[in-house]
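Below: one structure, written as structure tokens.
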Amino acid sequence: IVGKPNTFMIDLLASRTGIKKDQIAVVGDTYSSDMEMANRAGAPSIWYTNDKQTIKDVCVINELSEIIGLVTR
């Protein structure tokens, strides 16, 4: 199974580039697929949503422009 939340995409990216999975940030708008895929792979995740809830180990943003500040820290 290739589709999310299966980790195939992250595994392939890591193996072909040599980048560690914990250095690949998954940005997505769907918790059940995008954030779950990141969680299963051990990758950090950024959830783009208007939902105001807080989820453990998931960075939540409401504007895409917020990503710049997160990845340049």
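The values are calculated or read from the model by the stated rules, or taken from the named source; none is laboratory data. What you see is a predicted model; the values in this text were computed from it and never measured. A quick note on method: Cβ atoms are made from the backbone with ideal geometry, for glycine too, and the neighbour counts reach across all protein chains shown. Heavy atoms of the whole protein, side chains included, go into the accessibility calculation; ligands, DNA and RNA do not. Shrake-Rupley method; radii C 1.70, N 1.55, O 1.52, S 1.80 Å.
I'd like the residue in segment 1-42 that is touching a Ser or Thr at 6+ places or on another chain (Cβ under 6 Å) and among the small types (G, A, S) and, out of all such residues, is farthest from E66 (Cα to Cα).
Among those that are touching a Ser or Thr at 6+ places or on another chain (Cβ under 6 Å) and among the small types (G, A, S), it is A41.
Starting from segment 19-42, keep only residues that are among the hydrophobic types (A, V, I, L, M, F, W, C), then list their pairs with residues that are part of a strand (DSSP E or B) and open to solvent by 70 Å² or more (accessible area, probe 1.4 Å) whose Cβ atoms are within a distance under 8 Å, requiring at least 6 positions of separation or different chains.
V27/Y48
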